[in-house]
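Heads up, the thing below is written out as structure tokens.
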Amino acid sequence: MATVFSLIIEGRIPGTFVWKDDRCVAFMTINPIADGHVLVVPRDEIDHWVDCSSELSRHLFDVAYEIGKAQMNAFACERVGLIIAGYEVPHTHLHVIPTSSMADLSFANAASSVERSDLEAAAEKIRGALRAAGRREVAE
């Protein structure tokens, strides 16, 4: 059975993408801990991140790095946090989160819902920063 992330990747459920390449995508979470919270997700359904090949794992972290740099330019944050929890959806995903303190990394602070327009506005800030960095993988 396809995961919710596979359905988003396939376009069967709407997603607000900021990055697309042949191995992974990055899109805005609908339950953000902070404005600009992005998920980096491999196209292949791999439940646990330690089951990713070392090559795919490196690629996911490289993409998270590029997204994090873009978030630093797009949002007024002190740092960008990275969390791999893996309990919510059985499909590997990296949470890349603009932060100003450790408290910003608590899933207890996740929004229960967010306006689509707010997701799109945050995504466009990230896309703009990725474009400015010369990244061609920016999702349009």
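Could you work out the helix-only [θ] at 222 nm for the chain, with each DSSP H run of four or more residues adding -39,500 (n - 2.57) and the total divided by the number of residues, to the nearest 500 deg cm²/dmol?
Working: 3 runs with 44 residues, N = 140.
The per-residue figure over the chain is -10000 deg cm²/dmol.
I need to check one value: relative contact order of segment 4-132, counting alpha carbon pairs closer than 8 Å and at least 6 residues apart, in percent.
Details: 220 pairs, mean separation 39.7, N = 129.
31 percent.
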For a footprinting-style exposure proxy, rank 102, 1, 72, 28 by other Cβ within 10 Å, fewest first. 1, 102, 72, 28
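Write out the GluC sites (Glu not before Pro) in segment 45-86 meeting two conditions: DSSP loop, and at most 12 other Cβ atoms within 10 Å of their Cβ. Before the final figure, lay out the partial values.
Values: sites: 45, 55, 66, 78; in loops: 45, 78.
When the GluC sites (Glu not before Pro) of segment 45-86 are filtered for loop state and at most 12 Cβ neighbours within 10 Å, 78 remain.
Would you list 19, 49 from fewest to most Cβ contacts within 10 Å? Let's see the in-between values first.
Values: 19 24, 49 16.
Taking fewest neighbouring Cβ atoms as first place, the list is 49, 19.
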Please report 20, 125 as a ranked list, fewest other C-beta atoms within 10 angstrom at the top and most at the bottom. 20, 125
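Where a ≥ b ≥ c are the square roots of the eigenvalues of the C-alpha gyration tensor, would you call segment 4-132 rounded, which needs a/c under 1.5, or, failing that, prolate if a/b is larger than b/c, or oblate?
On the way: a/c = 1.30, a/b = 1.29, b/c = 1.01.
Rounded, since a/c falls under 1.5.
Read-outs throughout are calculated quantities, based only on the coordinates presented, and are distinct from any laboratory measurement. All figures in this text were calculated on a predicted structure; none of them were measured in a lab. Cβ coordinates were reconstructed from backbone atoms using ideal geometry, including for glycine residues, and neighbour counts include every protein chain displayed.
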